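Report on the following structure.
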Amino acid sequence: MRITASDSVRITMNDSVRITASDSVRITARDSVRITMDDSVRITASDSVRITCSDSVRITAHDDSVRITAQQDSVRITAREDSVRITMDDSVRITAHDDSVRITMDDSVRITAHDDSVRITAQQDSVRITAREDSVRITMDDSVRITALDDSVRITARQNDFSLAA
């Protein structure tokens, strides 16, 4: 069946509209395709759903949150030629319920808050923590434990600013 019109085609039903094909259904438009519902839109596929765009893909929820859930495998966000950015006006929370949170980089990891940053670099058999302009401070309400399994722990202070309490 072929429906052709030079201006527009409007299909209006009181109950529902069902399009069924034994092979495939293709909707092609030169400008845009819009699907508007008063309640919700559900896309269901027995195999996979693929969204491909030459410019950008945007998913926006105005009143609630955007959720991406994988029932059995992991959720992957990949940028092939640029970086992946997570931006929030308030805060970002990364939670792993059953395992640890892993941040992996080839060179180093930089954590930046306001204008200060700390860089964590793995070099040979050691981990180096460096701050850009000031010293690295480790502050805890209870205790801090520094452990070296096969070697010694060296704590060095400059300009007589060192205290150690046991």
Report task. Express in whole angstrom the spacing between the alpha-carbon centres of region 97-119 and region 52-78. Result -> 23
Requested in this report: Taking 7 Å along the Cα-to-C-beta vector as the label spot, tell me the residue 56-residue 83 distance in nanometres, rounded to one decimal.
Outcome: 1.8
Requested in this report: Starting from the Cα-Cα distance between residue 72 and residue 5, subtract it from 0.36 nm times their residue separation and give me the gain in nm to one decimal.
Outcome: 19.6 nm
Report task. For region 1-107, list log₁₀ I(q)/I(0) at each q in 0.10, 0.16, 0.20 Å⁻¹, using the Debye formula over Cα point scatterers of equal strength and ignoring solvent, two decimals each. Result -> -0.55, -1.19, -1.68
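Each value in this text was obtained by applying a stated rule to the coordinates, not by laboratory testing. Please read all numbers here as calculations on a predicted model, not as lab measurements. Note that each Cβ is placed from the backbone with ideal geometry, even for glycine, and that neighbours are counted across all protein chains shown.
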